[in-house]
Amino acid sequence: MNRSKTSLFLMELIIAILFFSLSCAVCIQLFFKAHHVSRKSEDLSSAVLWCENVAELFRGCDGDMAEMTALLEDTDHFRITTDADDEFSIFFDEDWNPITEASHVTYEIQCEIYDKDDFQTAVITALDGSEELYSLTSEIFQGK
């Protein structure tokens, strides 16, 4: 009789440990998913902020690419590449801090400016590697 009570107690203990293990696994997955969603949200917020900053720079400089890049380069915090007369890129590390060296590039803001009719348009895109995080279009009326 005593032996059956002991085996029943051990069976209950094993079931309780199994239930606790499954609960821990689910909680760990939830914490990981919450961290991932939080990081994606931080990246999107930073991408929107930097795209808006470049759009304001575009409007403040009246679309003058040389003036825009000169203002950014004067701060000594940015590494800027100009691929053409109408396009430039700004590079950032994993915490969205502007960087000056070529290593540790995680994020990039690309700005492409083109003229169409009486408007000058800037297409500003935030990239995480090759994945687009956010894109913004800004226009200036250049009419006569």
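When THR75 is tested against (1) of a type in the set (S, T, N, Q); (2) surrounded by 10 or more Cβ atoms within 10 Å (Cβ to Cβ); (3) in a loop (DSSP other than H, G, I, E, B), just one condition goes unmet, and that condition is (2).
Of the residues making up segment 50-59, those that are of a type outside the set (Lys, Arg) and in contact (Cβ under 8 Å) with a residue 24 or more places away in the chain are TRP50, CYS51, GLU52, VAL54, ALA55, PHE58. Exactly one residue out of ILE140, ILE109, ILE90 is within 21 Å of ARG59 (Cβ to Cβ), modelled with pLDDT under 90 and among the aliphatic types (A, V, I, L, M), and it is ILE90.
For every residue, the table says whether it meets (1) among the aliphatic types (A, V, I, L, M); (2) closer than 27 Å to TYR107 by Cα; (3) at pLDDT 90 or above; (4) in contact with a helix residue (DSSP H, G or I) (Cβ under 8 Å, 6 or more places away or on another chain).
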position: MET1; (1), (2), (3), (4): yes, no, no, no
position: MET11; (1), (2), (3), (4): yes, no, yes, no
position: LEU18; (1), (2), (3), (4): yes, no, yes, no
position: SER23; (1), (2), (3), (4): no, no, yes, no
position: SER38; (1), (2), (3), (4): no, yes, yes, no
position: ALA47; (1), (2), (3), (4): yes, yes, yes, no
position: ALA70; (1), (2), (3), (4): yes, yes, no, no
position: PHE78; (1), (2), (3), (4): no, yes, no, yes
position: THR81; (1), (2), (3), (4): no, yes, no, no
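Check whether at least one residue in segment 132-139 is surrounded by 17 or more Cβ atoms within 10 Å (Cβ to Cβ), in contact with a strand residue (DSSP E or B) (Cβ under 8 Å, 6 or more places away or on another chain) and farther than 26 Å from SER41 by Cα, and report yes or no. Please lay out each step first, then the result.
Here is the first cut: in segment 132-139, the ones surrounded by 17 or more Cβ atoms within 10 Å (Cβ to Cβ) are 133-134, 136, 138.
Add one more test, that the residue is in contact with a strand residue (DSSP E or B) (Cβ under 8 Å, 6 or more places away or on another chain), and what stays is 133-134, 136, 138.
Those left that are additionally farther than 26 Å from SER41 by Cα: none.
For segment 132-139, residues surrounded by 17 or more Cβ atoms within 10 Å (Cβ to Cβ), in contact with a strand residue (DSSP E or B) (Cβ under 8 Å, 6 or more places away or on another chain) and farther than 26 Å from SER41 by Cα: absent.
Right, LYS33: more than 22 Å from THR125 (Cα to Cα), surrounded by 10 or more Cβ atoms within 10 Å (Cβ to Cβ) and within 22 Å of the chain's Cα centre (by Cα) or not? When the stated conditions are applied, LYS33 passes them. When segment 120-131 is filtered for residues that are closer than 26 Å to LYS40 by Cβ and assigned to a strand (DSSP E or B), the ones remaining, listed by number, are ALA122, VAL123, ILE124, THR125, ALA126, LEU127, ASP128, GLU131. When residues in segment 40-66 are screened for being surrounded by 13 or more Cβ atoms within 10 Å (Cβ to Cβ), part of a helix (DSSP H, G or I) and of a type in the set (Asp, Glu), 2 of them pass. Among residues that are modelled with pLDDT under 95 and more than 24 Å from GLU131 (Cα to Cα), ARG59 is included.
Which of the residues spanning segment 93-106 are in a loop (DSSP other than H, G, I, E, B), within 20 Å of GLU131 (Cα to Cα) and either modelled with pLDDT of 80 or more or out of contact with any Asp or Glu (no Cβ under 8 Å at 6 or more places or on another chain) (or both)?
At the first step, the residues of segment 93-106 found to be in a loop (DSSP other than H, G, I, E, B) are 93-97, 99-106.
Those left that are additionally within 20 Å of GLU131 (Cα to Cα): 93-97, 99, 102-106.
Scanning segment 93-106 gives ASP93, GLU94, ASP95, TRP96, ASN97, ILE99, ALA102, SER103, VAL105, THR106.
If GLY63 passes every condition in (1) without any contact (Cβ under 8 Å) to a residue 40 or more places away in the chain; (2) under 18 Å from ILE124 (Cβ atoms) but one, which one does it miss? In the conditions (1) without any contact (Cβ under 8 Å) to a residue 40 or more places away in the chain; (2) under 18 Å from ILE124 (Cβ atoms), GLY63 misses (1) alone.
The values are calculated or read from the model by the stated rules, or taken from the named source; none is laboratory data. Model, not experiment: these values are computed from the prediction. Neighbour counts run over all protein chains shown; Cβ positions are idealised from the backbone, glycine included.
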